[in-house]
């Protein structure tokens, strides 16, 4: 290649680089999402404690912990209290392999603001579009396997408590979760009834299970429903994948660019 | 040993020191994936939050320092020994980089971090690295600038790589700007633009060294001036500018940036075809004629080429947006990144170091006993074997997680075997990498003992 051609090539490449750079810097879409002051402080804490070494945001970061982009909606309820409670537990007491950071209330609120802002900004992980939440899906499968007429009163109470305390946020019904919480439907076999009762009464702070301050009758109800779910483990596992109301989870539906909620 | 040769040796020694640290921190970090070991580490006040930034910082340092050694070796050969000003600049740059390295060791474990992925150092330490690099650029560019456009393509690649670093390393610190602090999506866009082009910066320098050595070994100067060489340089650089967007397909941003990235990424199929052709030709030539003696550079370059074929194929696949969404945020990305840095960049750099050591210590006995020793050969073979296993395990794990995550299926039971496999293969890679370095250690610790009189460039 002769010298004039080389000069042209280099000039063209430099021009392309600066044009690309200008487009990125001036992109209005990326600039639209703006954090509040609290959320900005929360971002500062995220950086200060180097959370990205274990956790991901939008799929970027370490692999030890889960992606936290949409953690706020994962623990969502009408008041936001469930998410705040979960964040408080994890940040003050640690969870499994996550150290306890002992953050103050104000710092936890700032982080919560940051996570809420990120949740609104986009979706961190691709999932096939589903028309129902994981809780609704679980309810639907269990209702198919165990019709409501077959529940005892204690079991029904325990079932309602499971939804109230959102057990499946951490304990998935038929698989180990990324938080390493044991599978819900085999819990009684794996841990034994005595251990389950103990954990329900005291929590298991080292492993990330909060102490919910449950009364004796609540513990009894939860134990009964766990025994019942265990007895239907096979049916519940078979139920996943055939639940009506969901869209087809086909690989052909993989998103081209942005992920759907 | 003249000043120029000592500079190259200092850079090689620094680079190898950094990779040793990176491998050690990486192996410790892999322990964090085992629950029992993780608990022990946490009790000792050690977590992945400290180990990961240490591992990535020193991995980056290894790549850049080793690539810089190649550039200095070229300067020595082409322009003779360094001037007094060159030596002063070198001294200052090494002091700055050395202080930054020490700073990393004494800040990162104590939580004094930026919190940024791959740029974990405190900004003050980053500034020291940047200033040192600017001095390095000054030395190189001031020498090659005369008659620059007539020089071979590897000079373009070194120059572009070096200057690119100055821009992109600074760009990676845009998160410090008040405007950026409040805009998380723009922050991620620019962060990944900077990360992607930082990789491009060392890739340009690594390949420049490879091409330079190729010209030296073959004696064919035309290799550095051919139209195809410049065309590949152009495609490679173009990809570097735009490719990074395949990491951010899913972020809300201007869609045309994503399409440009996708289309330009697919241009790499041209490079893949060329690499496949070269690998096939090399395999045919190898089957016809067995090399009489083992040569570490040739062996490592040859392996790097084969890996390039495989990892480039993987990269092309995961640049296709739907497949990208499937594996985004999974260990497939780790397989791609770690595989490329180890199996392509590090192999080429190790091969370059073997070549440079051969030039610095031309005595045949030194080559046989140390540089191209049987132990080096076995280390390379076993390192490669463990690396294949590591990349395969990461890819399988990532693909499995991606598919089950997307379809909402339960994770298969076998995934619990992943952390021990990751640790075992990772430690295997680290061990044989270190074993190879140990073979060359005597040359770095006591170079005078292995030099024969009259072997200096200046004489």
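Every number here is computed from the coordinates shown, using simple stated rules; none is lab data. This structure is a prediction, so every number in the text was calculated from the model and none was measured. Here the Cβ is made from the backbone with ideal geometry for all residues, glycine too, and neighbour counts use every protein chain on show.
Key figures
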| read-out | value |
| --- | --- |
| Kirkwood Rh (inverse of mean 1/r, distinct Cα pairs), the range B:246-331, angstrom | 15.1 |
| Base-10 log of normalised Debye intensity for the range B:281-368 (one unit scatterer per alpha-carbon) at q = 0.15, 0.17, 0.23 Å⁻¹ | -0.70, -0.80, -1.08 |
| Relative frequency of Cα-Cα separations exceeding 27 Å in the range B:77-232, percent | 35 |
| Extension gain, residue B:365 back to residue B:110 (0.36 nm per residue minus Cα-Cα distance, nm) | 87.2 nm |
| Quotient of Cα Rg and 2.2 N^0.38 Å for chain B, N being how many residues it contains | 0.97 |
| Where labels lie 7 Å past Cα in the beta-carbon direction, separation of residue A:252 and residue A:11 in nm | 5.1 |
| For the range B:254-278 versus the range A:1-75, the gap between their alpha-carbon centres in whole angstrom | 21 |
| Sorted by Cβ neighbour density within 10 Å, fewest at the top, the residues B:51, B:314, B:443 | B:314, B:443, B:51 |
| Gyration tensor over alpha-carbon atoms, chain A, equivalent ellipsoid semi-axes in Å | 44, 24, 16 |
| The range B:292-332 versus the range B:145-221: alpha-carbon centroid distance in Å | 20 |
| Likely footprinting exposure, B:139, B:404, fewest C-beta neighbours within 10 Å first | B:404, B:139 |
| For the range B:1-142, fraction of C-alpha pairs farther apart than 27 Å, in % | 29 |
| Rounded Å value of the spacing that divides the Cα centres of the range A:193-219 and the range B:341-381 | 59 |
| Reduced Cα scattering model of the range A:1-129, Debye log10 I(q)/I(0), q = 0.12, 0.20 Å⁻¹ | -0.57, -1.20 |
| Cα-only Debye scattering, the range B:319-384: base-10 log of I(q)/I(0) at q = 0.15, 0.22, 0.25 Å⁻¹ | -0.62, -0.93, -1.06 |
| Crossing angle, helix B:418-445 versus chain B [Cα axis fit, 0-90 degrees, rounded to tens] | 20 |
| Rg(Cα)/(2.2 N^0.38 Å) for the range B:358-424, N = residue count | 1.86 |
| Computed E for residue B:79/residue B:377 - FRET, C-beta separation, R0 35 angstrom, nearest 0.05 | 0.55 |
| Normalised alpha carbon radius of gyration of the range B:166-255 [divisor 2.2 N^0.38 Å] | 1.41 |
| Rounded D (µm²/s) - the range B:181-334, Kirkwood Rh over Cα pairs, Stokes-Einstein at 37 °C, 0.692 mPa s | 188 |
| Nearest 10 degrees, 0 to 90: helix A:105-121 Cα axis against chain A principal axis | 70 |
| Shielding score for B:327-339, defined as the mean number of other chain Cβ atoms within 10 Å | 3 |
| Residue-averaged [θ]222 nm for the protein assembly as shown, counting only DSSP H segments that reach four residues, each worth -39500 (n - 2.57) | -22000 deg cm²/dmol |
| Over the protein assembly as shown: Kirkwood hydrodynamic radius from C-alpha pairwise inverse distances, Å | 27.6 |
| Inter-chain Cβ neighbour average for residues A:67-74, partner chain, 10 Å | 1 |
| Per residue convex hull volume, Cα atoms of the range B:318-450, in Å³ | 99 |
| 10 Å binning of all Cα-Cα separations within the range B:105-148, expressed as whole percents from 0 upward | 25, 34, 21, 16, 4 |
| Calculated FRET efficiency for the pair residue A:227/residue A:153, C-beta based, R₀ 22 Å, to 0.05 | 0.90 |
| Residue exposure sequence - B:133, B:179, B:158 - by fewest surrounding Cβ within 10 Å | B:179, B:133, B:158 |
